[in-house]
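Here is the structure we will look at.
The values are calculated or read from the model by the stated rules, or taken from the named source; none is laboratory data. None of these values were measured; they are calculated from a predicted model. Virtual Cβ from ideal backbone geometry, glycine too; neighbours counted across all protein chains shown. Accessible surface is based on the protein model in full, side chains and every heavy atom, while ligands, DNA and RNA are left aside. Shrake-Rupley method; radii C 1.70, N 1.55, O 1.52, S 1.80 Å.
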Amino acid sequence: MNLVKTKDYDTMSEEACKLLAQRLHTLTDPVLGLATGSTPEGMYQCLINQYNQQQISFKNVTTFNLDEYIGLAADDPNSYQYFMNENLFKHIDIQKNKTHLPNGVATDLKKECTDYEQKITDVGGIDLQVLGLGTNGHIAFNEPGTDFDGRTDIVDLAQATLDANARFFDSIEDVPTQALTMGIQSIMEAKEIILLVSGEHKAEALAEVINGDVTEAFPASILQKHNNVTVIADEAALAKV
Ligand code: GLP
């Protein structure tokens, strides 16, 4: 694992943005795996700024997001589709038909999962996957105990995740209890991965990612087995490493 240590959230976001921008310059038809959550927001803002300064273009970029809540449609402010539109897509020159998220209101959710995997295969796989980290070690919505060989699927969310994500909803009862998520195996097939981690509330989890045992009880620990992972984390998140 490569480790990039930054002073704070803003510099973490800038480092991640710089790395992504470099890949956009070198890859001909970049395929990016994208994440939601609070962590990548600053990186997205930095990418929008770079686009506005005409330093990067997303014209040839294809994206696949990690996950989506079941039952939330694209126009629901808490859906990840809405998050991506607001935080990135509507501000840049990406072609809408090249952006992908699992559809959490598909009539056949199982088929949605296999179709999603197929779409990733059809474009030759993901060049660069961006990941955040759940405090319980989840990546995407792969909760503790998830099989390492899992692919895109329907999952139940852990109580810790419902609690952590309740801040975005009016009440905890409104947080969907299920999601569609890319599996650990789908994520591990990305050619390159960057893991973004910020804040002292992630310090224990990050120490586990870097120094802990590789175990399905702590999903992000699998990243130790990938041959091209860069962890970009701020000092607060690295406090226990
Ligand atoms: C969420 C998402 C993950 C995200 C993680 C951390 O539940 N499904 O993709 O990386 O939890 O979120 P945050 O960045 O808000 O701490």
(message) Please report the net charge: other residues with Cβ closer than 13 Å to the Cβ of residue 220, K and R +1, D and E -1.
(response) -3
(message) Can you tell me which aspartates and glutamates have their Cα less than 20 Å from the Cα of residue 18? Leave out same-chain residues fewer than eight positions away.
(response) 8, 10, 29, 41, 93, 127, 192, 234, 235
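Rounded to a whole number of µm²/s, how large is the Stokes-Einstein D of the chain at 25 °C and 0.890 mPa s, given Rh as the Kirkwood radius over C-alpha pairs? Can you show the working numbers first?
Values: Rh = 17.8 Å.
The estimated diffusion coefficient comes to 137 µm²/s.
Just the number, please: percent antiparallel of the DSSP beta bridges in the chain, rounded to the nearest 5. Could you put the intermediate results ahead of the total?
Working: 8 of 30 bridges.
Counting only bridges with both partners in the chain, antiparallel ones make up about 25 percent.
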(request) In nm, give the distance between the simple-model label positions of residue 135 and residue 173, each being 7 Å from the Cα along the Cα-to-Cβ direction. (result) 2.4 nm
(request) Sticking with the crude label model, points 7 Å out along Cα→Cβ, report the distance from residue 60 to residue 227 in nm, one decimal please. (result) 2.5 nm
(message) Using 18 Å as the Cα-Cα cut-off, could you pick out the over-long pairs in 59/90; 5/191; 59/96?
(response) 5/191
(message) If you average the alpha carbon positions of segment 9-46 and of segment 181-241, how far apart do those two centres end up, in angstrom?
(response) 17 Å
(request) Might you report the magnitude of the Cβ-based charge dipole of segment 1-56 about its Cα centre, with Lys and Arg at +1 and Asp and Glu at -1, to the nearest 20 debye? (result) 140 debye
(request) Note the full-extension length gain between residue 41 and residue 114 as 0.36 nm times their separation in residues minus their Cα-Cα distance, in nm to one decimal. (result) 23.4 nm
(message) Treating only the Cβ of Lys, Arg, Asp and Glu as charged (+1, +1, -1, -1), what charge dipole size does the chain show about its Cα centre? Round to the nearest 20 debye.
(response) 840 debye
(request) Compute the label zone of residue 3 within segment 197-230: residues whose backbone N is under 12 Å from the point 7 Å along Cα-to-Cβ. (result) 206-212
(request) Find the cysteines in the chain that fail to meet the 4.7 Å Cβ criterion with every other cysteine, and list them. (result) 113
(request) Roll a 1.4 angstrom probe over the protein heavy atoms and tell me the percent of accessible area of segment 2-234 that is carbon or sulfur. (result) 45 percent
(request) Answer with one residue from 154, 109, 21: the one whose Cα lies farthest towards the positive end of the charge dipole of the chain, charges on Cβ with Lys, Arg +1 and Asp, Glu -1. (result) 21
(request) Using all C-alpha to C-alpha distances in segment 118-241, build P(r) with 5 Å bins and read off the rounded percent in each one. (result) 2, 11, 20, 23, 20, 14, 7, 2, 0
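Report the full-extension gain for the segment residue 185 to residue 10: residue separation times 0.36 nm, less the Cα-Cα distance, to one decimal in nm. List each step's numbers first, then the result.
Numbers: separation 175, 0.36 × 175 = 63.00 nm, distance 3.06 nm.
Extra length from residue 185 to residue 10 when fully extended: 59.9 nm.
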(message) Just to verify a number: what accessible area does residue 177 come out at with the full protein assembly present, 1.4 Å probe, Å² rounded to tens?
(response) 80 Å²
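Using a 1.4 angstrom probe on the protein heavy atoms only, line up 100, 91, 201 by accessible area, largest first. Before the final figure, lay out each step's value.
Values: 100 35, 91 70, 201 125 Å².
From most accessible down to least: 201, 91, 100.
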(request) Quote to one decimal, in nm, the extra length available between residue 28 and residue 235 on full extension: 0.36 nm per residue of separation minus the C-alpha distance between them. (result) 71.1 nm
(request) Provide the net charge surrounding residue 43, with neighbours chosen by a C-beta distance below 14 Å and charges set as Lys +1, Arg +1, Asp -1, Glu -1. (result) -4
(request) For the chain, report the accessible area per residue in Å² (1.4 Å probe, heavy atoms, rounded to an integer). (result) 45 Å²
